[in-house]
Structures are given as C-alpha cells and as structure tokens.
Amino acid sequence: MRRICIALVCIGIVFVTCNEVSAQVCKPVAERKAEVGCWIVANEPVGQFSASQVFWHLDVFPTRSAAEAARVSGSTVVQSLGKTWLLTVADADWRPADGERIAEIGPLLISAGDHYSAQYLEAIFTPGMTSSVHRHAGPEAWYTLAGETCLETPDGKFIGRAGGPPVIVPGGLPMHLTATGTELRRALVLILYDSSKSAITPAHDWVPNGLCTN
C-alpha cells in the first residue's frame, strides 16, 4: 500500500544528549564500536531517473543471496537491524519477484535527468538526542522500526513513530531533529542526493523555534 508522507532523517550530524555533548557523526558501519549512533551501511550511485518523483521500496529476504538475486538497477542490499533488506529506488509500481514487502515511501521529489546516489543509514538514538541544523542535497526519508523522533523544519513540527507513517523531507529544506518518547529509536534512513554534491551540509540560515521540546 502506498504511503505518502512528510519529513526527516540524519547523517553526519552532531548529537547532543541532556548531560553531554557528543561529536558523533555518521560513520561507516565497519567502524562501529557501539550500538547507539548513526552508521552508514551503504553509499552508492543509483543513476538517473526520467520522472520527477520516485519511491523508496523496502523488502526483506531470508538470506543475502536471495536478496542479491532480486536486485535490479536502483537496488541496494544491506543487513541492518536484524534483517536482510533489498532497498530500491524506483517508480511507485515496482515490485521484486520475491521477498516480503515492508513499506514503500514516497513520493520523493527529484530533478529528472540528474545523477543521484543513495546513502543508507542505520540510526539508533537514545531519547533526548538532537541533531545539528542541516540540510541534504536531495530528499531524505526514514522508516522507523522502534521509538519516536520529532522533526522541526520551517514548515513546522512532524512526528515519526514506529507503526506510524514514514517520514520524508524535501531536498534543501533545513531541519533539526530530536529523539523523543521513552525508548530507543531505531530507523533505516535514505538520503537520495545529487551525486555532484555533498549528501549533507550545515544550515546556518535558519534557527529552529524549539517546537520539539515544548
């Protein structure tokens, strides 16, 4: 079932807890030494698209070899959060030959004809962690498996919860997120960014109003 939603994610950002400041950026998963953090599980080009919007398809498979067999252009196979995922950027009607459909997230608005890359993150935050103010060179989306996160942008406040609608933020929009609720937030994140640009940049032209802490 198609889910059309609104706003968020996290990459290469600085997190702040209630008790300390932690300069914790997104790092390759191979460097992982702790559970909590932002871990880059894949980063690869996905090419050009003829349409101005695409969807992120999330399917799980029993083994990595089964997922690899179903892989197509625009797909990435990752092992994250206890599952083997086939993550695919494609049009709304795309389906793999096998696997279990978990979600489809979109539409993600892009520039038709531009070259894009997909950076996938495993994001695990404790309640109270926040991000720096930043933006991405393309749409960002996340799928929450556990916990809750509040996102503030110039367009207002949005909440993403496990079991609720996925979250999308348009490319270029400044954002600030806060892990809320009472349990560990676990999410898969996609940053679909223009391959000629950095996936993330600081946003110094906007100051959040603290909507996620009120």
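In the set (1) closer than 12 Å to residue 123 by Cα; (2) touching a His at 6+ places or on another chain (Cβ under 7 Å), residue 191 fails one condition alone, (1). Among the residues of region 60-94, those that are in a strand (DSSP E or B) and either in contact with a Cys (Cβ under 6 Å, 6 or more places away or on another chain) or of a type outside the set (A, V, I, L, M) (or both) comprise 61, 75, 76, 79, 80, 83, 84, 85, 88.
If you check 192, 121, 188, 177 for being surrounded by 20 or more Cβ atoms within 10 Å (Cβ to Cβ), of a type in the set (A, V, I, L, M), touching a residue at least 12 places away in the same chain (Cβ under 8 Å) and touching a helix residue (DSSP H, G or I) at 6+ places or on another chain (Cβ under 8 Å), only one passes: 177. For region 31-59, filtering for residues that are among the β-branched types (Val, Ile, Thr), touching a Ser or Thr at 6+ places or on another chain (Cβ under 8 Å) and in a strand (DSSP E or B) leaves 2. Tallying residues that are in a loop (DSSP other than H, G, I, E, B) and of a type outside the set (A, V, I, L, M) within region 131-150 yields 5. Screening residue 128 with (1) within 16 Å of residue 189 (Cα to Cα); (2) not in a strand (DSSP E or B) gives one miss only, at (1). Scanning region 14-45 for residues that are crowded, with 21+ Cβ neighbours inside 10 Å and either at pLDDT below 50 or over 15 Å from residue 187 (Cα atoms) (or both) turns up just one, 15. The numbered conditions (1) more than 14 Å from the chain's Cα centre (by Cα); (2) crowded, with 20+ Cβ neighbours inside 10 Å are all true for residue 111 except (2).
Scanning region 28-46 for residues that are among the β-branched types (Val, Ile, Thr) and more than 17 Å from residue 197 (Cα to Cα) gives 29, 36, 40, 41.
The single condition from (1) closer than 20 Å to residue 199 by Cβ; (2) of a type outside the set (Val, Ile, Thr); (3) surrounded by fewer than 18 Cβ atoms within 10 Å (Cβ to Cβ) that residue 106 fails is (3).
Note on region 202-214: residues that are touching a strand residue (DSSP E or B) at 6+ places or on another chain (Cβ under 6 Å) and surrounded by 14 or more Cβ atoms within 10 Å (Cβ to Cβ) amount to 4. Only a single criterion out of (1) in contact with a helix residue (DSSP H, G or I) (Cβ under 9 Å, 6 or more places away or on another chain); (2) farther than 21 Å from residue 178 by Cα; (3) buried (at least 16 other Cβ atoms within 10 Å of the Cβ) is not satisfied by residue 130, namely (2). Cβ separations smaller than 8 Å between residues 6+ apart or across chains give the following pairs from region 85-103 residues that are exposed (fewer than 15 other Cβ atoms within 10 Å of the Cβ) to residues that are part of a loop (DSSP other than H, G, I, E, B): 92/2; 97/70; 98/70; 101/95. For region 151-169, the set of residues classified as assigned to a loop (DSSP other than H, G, I, E, B) and crowded, with 22+ Cβ neighbours inside 10 Å consists of 166 only.
The values are calculated or read from the model by the stated rules, or taken from the named source; none is laboratory data. In this text the structure is predicted, and so the values were computed from the model without any measurement. Note that we place each Cβ from the backbone using ideal geometry, even for glycine, and neighbour counts take in every protein chain shown.
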